1. So Glu276 ticks every box in (1) modelled with pLDDT under 95; (2) closer than 24 Å to Pro181 by Cβ but one. Which box is left unticked?
2. Could you check how many residues of the stretch 144-163 are among the hydrophobic types (A, V, I, L, M, F, W, C), within 25 Å of Arg223 (Cβ to Cβ) and modelled with pLDDT of 95 or more?
3. Do any residues in the stretch 215-227 that are farther than 14 Å from Phe169 by Cα and assigned by TED's automatic domain parsing to the domain that holds Thr196 have Cβ atoms under 8 Å from those of residues that are among the polar types (S, T, N, Q) and surrounded by 13 or more Cβ atoms within 10 Å (Cβ to Cβ), where the two are at least six apart or on different chains, and which pairs are they?
4. Does at least one position in the stretch 259-279 carry a residue that is outside any strand (DSSP E or B), touching a helix residue (DSSP H, G or I) at 6+ places or on another chain (Cβ under 7 Å), hydroxyl-bearing (Ser, Thr, Tyr) and outside the structural domain of Phe16 (by TED's automatic domain parsing)?
5. Considering only the stretch 179-192, state which residues are in a helix (DSSP H, G or I), crowded, with 20+ Cβ neighbours inside 10 Å and aromatic (Phe, Trp, Tyr).
6. Would you please list the contacts, defined by Cβ atoms under 8 Å and residues six or more apart or on different chains, that run from a residue in the stretch 113-138 that is at positive phi to a residue that is buried (at least 19 other Cβ atoms within 10 Å of the Cβ) and among the β-branched types (Val, Ile, Thr)?
7. All but one of (1) in a helix (DSSP H, G or I); (2) under 22 Å from Trp180 (Cβ atoms) hold for Leu237; state the number of the condition that does not hold.
8. I need the full set of residues from the stretch 66-95 which are on the phi > 0 side of the Ramachandran plot and more than 22 Å from the chain's Cα centre (by Cα), in order please.
Amino acid sequence: MTDSRRHEQADAVRKFLSTRRGRITPQQAGLPVFGVKRRVTGLRREEVALLAGMSVDYYIRLERGNLSGASDSVLDSLSHALRLDDAERAYLYDLARAATASGRRPPAATGRIRPVVQRMLDAMTDLPAYLRNGRFDVLAANSLGQALYAPVYDSPLFAQRGPVNTARFLFLDPGSADFWPEWEKAANDSVAYLRTETGRSPQDKALTDLIGELSTKSDEFARRWARHDVKFHRSGLKRLHHPLIGNLALPYEALELPTDPGLCITVYSPEPDSSERQALDLLANWTSSAARER
């Protein structure tokens with residue numbers, strides 16, 4: 001690991017731990033608070049050390065970015081003291097692994113799509129589905145997925161460059177506010193997902209370049225990036241506004257591909273007989289008619 005990369009890793013550890021410490025009050029941690037005026041609203045370093053069952057000096061070493069050699073029991077105790085959720089705990093472990101890695105990392109996803117995966121996408125004719133990597137590059141989609149994400153595919157951002165990238169569209173195309181009615185939530189989640197991916201793939205240059213681009217070109221992204229929030233992208237409800245079929249509230253599942261590390265299929269599956277199901281059927285019919293006319 002180069003000195004520059006080592007400094008970046010230490011900075012990520014320092015800011016992650018300090019921001020997690022700063023969000024917990026002594027009352028929330030069950031610690032007594034006396035009449036002394038506090039300079040910080042969150043926990044002090046010595047309070048985190050007490051809760052984690054370690055010395056103050058050792059915790060200070062950890063928060064300064066030195067996770068090298070930290071055992072699982074230490075990381076577990078720290079996770080408990082800072083009340084980390086599953087995504088935050090996994091991110092802490094990723095940071096610790098990066099600190100002790102020899103420098104060789106598993107290769108990032110190549111972006112090559114196995115034929116069986118493409119056939120799976122194409123077979124889902126009534127459900128919008130697309131394949132993406134951890135940088136939110138859309139590598140493939142079925143016809144209904146492309147139709148649903150038409151505003152993203154049609155963005156001028158991708159006229160001269162590819163692939164389509166939903167994070168880049170979200171922060172650099174003004175039209176994203178129309179496509180995502182809950183833009184603030186979409187923005188918060190997107191940044192948290194990318195932060196999580198940096199823990200899993202610390203040497204992915206394309207990911208680093210994307211984050212650098214968005215940080216430079218979007219104040220909204222930079223402000224959220226500084227929070228050091230992390231989140232898993234697994235399932236949920238996504239609200240979209242499509243120019244042809246209007247507002248949609250679509251349940252989704254993000255399905256990771258074990259054979260293709262770093263790649264994930266996102267599938268939208270509305271309730272039968274719901275207004276969303278009817279809207280997608282209308283979109284599918286429109287897409288089929290447009291294809292026949294070409």
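The values are calculated or read from the model by the stated rules, or taken from the named source; none is laboratory data. Please read these numbers as outputs of a predicted model, since none were measured by experiment. All Cβ positions, glycine included, derive from the backbone under ideal geometry; neighbour counts span all protein chains shown.
1. Condition not satisfied by Glu276: (1).
2. 1
3. Final answer for the pair search is Ala222/Ser215; Arg224/Asn188; Trp225/Ser215; Arg227/Thr19.
4. There is no residue in the stretch 259-279 that is outside any strand (DSSP E or B), touching a helix residue (DSSP H, G or I) at 6+ places or on another chain (Cβ under 7 Å), hydroxyl-bearing (Ser, Thr, Tyr) and outside the structural domain of Phe16 (by TED's automatic domain parsing).
5. We begin by selecting, within the stretch 179-192, every residue in a helix (DSSP H, G or I); these are 179, 183-192.
Checking the rest, the ones that are also crowded, with 20+ Cβ neighbours inside 10 Å come to 179, 186-187, 190-192.
Matches in the stretch 179-192: Phe179 only.
6. Phe136/Thr166
7. Exception for Leu237: condition (1).
8. Going through the stretch 66-95, the residues on the phi > 0 side of the Ramachandran plot turn out to be 69, 83.
Residue satisfying the conditions is Gly69 alone.
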